[in-house]
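Q: Below is one structure. I have some questions about it.
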Amino acid sequence: MKSYHIETFGNVNGLIVREHPTPTPGPNEVLVSIKATSLNRRDILILQQTYPLPSKQGVVPISDGTGEVVSTGNNVTKFKKGDRVAGTYFPRWRDGRIGLDIGDQPGCTLDGMLSEFVLLQEDWLVLIPDYLSFEEAATLPCAALTAWSALTSPPISPGNTILTIGSGGVSLFAIQFAKLFGAKVIALTSRDENTGQLKSVGADNVVNYYSNPDWSADVLKLTNGQGVDRVIETGGPDTLEQSIKATAIGGEIALLSYQGKINRNAEMGLNKILAPLFSRLITIKPLFVGNRISFENMNRALSQHHIHPEIDRAFSFEEAKDAYRYFAEGKHTGKVIIKVS
Ligand SMILES: NC(=O)c1ccc[n+]([C@@H]2O[C@H](COP(=O)([O-])OP(=O)(O)OC[C@H]3O[C@@H](n4cnc5c(N)ncnc54)[C@H](OP(=O)(O)O)[C@@H]3O)[C@@H](O)[C@H]2O)c1
């Protein structure tokens, strides 16, 4: 079997393919034939060694993958040959609070999914919804679950207004889930040409946050001066100051990133944050993807409502480096897939 490995860090030239014997499952393990993987910003950061968690040398990259169970160990009870499964972003985090001792991640500290076969503990897997293709379901472990967590911990209410930032995987899932929960969505993009697609997945209003640096004023206008109930904050230092201005009294900001992309407000001072946060009693909650029980809950909701992930482009296994380059450019809308077999 073939697997990609990060031989050297820095850029895609460090990705190499190695041949291995196909492994045999131990008593609690499941052998999965991987069909599709999806890229996330973290996969770029890991390659560039700018991710907060140091990666192991030679790791198989990519956290998100789906496939079919080929064989199972003698003690495995939850899965059988032929089951359609996905790996989890934090395999050791079942539920409750995250901790350093359960913080391992595939494609970083553990071998990931860019491989023809992977061997995983049965507790590290979830069944994927029947109605989704392997490619569609490969978008779920990180981007979809992050959006789900940002809207469910604590849960938003029907009638709330949600703000999303950009046209990446997390934001598009956040729009789709917010509509499922009966919320209104204001979506920001730096590309006017994305307005149609953002509206087609459920955005009620779209605002260009690049050509209009004071975009919080538009958001306030669209909410009758009240502000939004929850910001799905994917811009970090580029957008946080405006996000705070756009949030309603008592509202919440699900903080998903601390690294900006466009460097607009990188020098933002604490005084610009603390006074409005305190005077308007806004909560900032950092979130890191989610746990397995949340993933299973999300899959039940998906199966009930048949939401389809937005896939921008799919590359072949042989084109993995091109997929990395394409994703790193940031011109995609939704998810970028690498098919495996
Ligand atoms: N905390 C967590 O658990 C968690 C999980 C997943 C992701 N994240 C973070 O959330 C953010 C979004 O993740 P994602 O997977 O949705 O990312 P993505 O697919 O790469 O999308 C990023 C979006 O940001 C906008 N953008 C603006 N300027 C950009 C630039 N110079 N380069 C790239 N993108 C630019 C683009 O939207 P427009 O063109 O519409 O503006 C782009 O589609 C990332 O910062 C990621 O690290 C956090």
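The values are calculated or read from the model by the stated rules, or taken from the named source; none is laboratory data. Remember, it's a predicted structure, so these values are computed and weren't measured experimentally. Using ideal geometry, Cβ is built from the backbone for each residue, glycine included, and neighbour counts are taken over all protein chains shown. Just the protein is used for accessible areas: all its heavy atoms, side chains included, with ligands, DNA and RNA removed. Shrake-Rupley method; radii C 1.70, N 1.55, O 1.52, S 1.80 Å.
Q: Whole number in Å², please: accessible area per residue of segment 71-177, 1.4 Å probe, ligands, DNA and RNA not counted.
A: On a per-residue basis, segment 71-177 sits at 36 Å².
Q: Can I ask one more? Once Lys and Arg get +1 and Asp and Glu get -1 on their Cβ, which of ILE156, ALA138, PRO309 lies farthest toward the positive end of the dipole of the chain?
A: Value computed over the given set: ILE156.
Q: What part of the accessible area of the chain, given as a whole %, is carbon or sulfur when the probe is 1.4 angstrom?
A: Roughly 51 percent, rounded to a whole number.
Q: Excluding PRO141 itself, calculate the net charge of residues whose Cβ lies under 13 Å from the Cβ of PRO141, where each Lys or Arg counts +1 and each Asp or Glu counts -1.
A: -1
Q: Compute, for the chain, the length of the dipole vector about the Cα centre, with Cβ point charges of +1 (Lys, Arg) and -1 (Asp, Glu) only. Units Debye, rounded to 20.
A: On the way: 33 positive and 35 negative charges, 95 e Å.
Value, rounded to 20: 460 debye.
Q: Using only the alpha-carbon atoms, how far is helix 169-180 inclined from the longest principal axis of the chain? Give it as 0 to 90 degrees, nearest 10.
A: Helix 169-180 and the main axis of the chain meet at about 70 degrees.
Q: With the chain treated as a Gaussian network of Cα nodes joined by springs under 10 Å, which of PRO213, PRO61, PRO106 yields the largest mean-square fluctuation?
A: Result: PRO213 has the largest fluctuation of those listed.
Q: Report the residue, chosen from GLN49, GLN197, GLN304, that carries the largest GNM mean-square fluctuation when the chain is represented by alpha-carbon nodes joined by springs under 10 Å.
A: Result: GLN304 has the largest fluctuation of those listed.
Q: Under the rule of -39500 (n - 2.57) per DSSP H run of 4 or more residues, summed and divided by the residues of the chain, what mean residue ellipticity at 222 nm is obtained, to the nearest 500 deg cm²/dmol?
A: Result for the chain, helices only: -7000 deg cm²/dmol.
Q: HIS305 to ALA217: FRET efficiency via 1/(1 + (r/R0)^6), r the Cβ-Cβ distance, R0 41 Å, to the nearest 0.05?
A: Efficiency at R0 = 41 Å is approximately 0.75.
Q: Find the centroid of the Cα atoms in segment 127-163 and in segment 1-71, then give the distance between the two in whole Å.
A: Here the answer is 23 Å between Cα centres.
Q: Pick out which of GLY236, GLY26, GLY269 has the largest mean-square fluctuation in a Gaussian network model of the chain, springs linking Cα atoms closer than 10 Å.
A: Evaluated over the chain, the most mobile residue of the options is GLY269.
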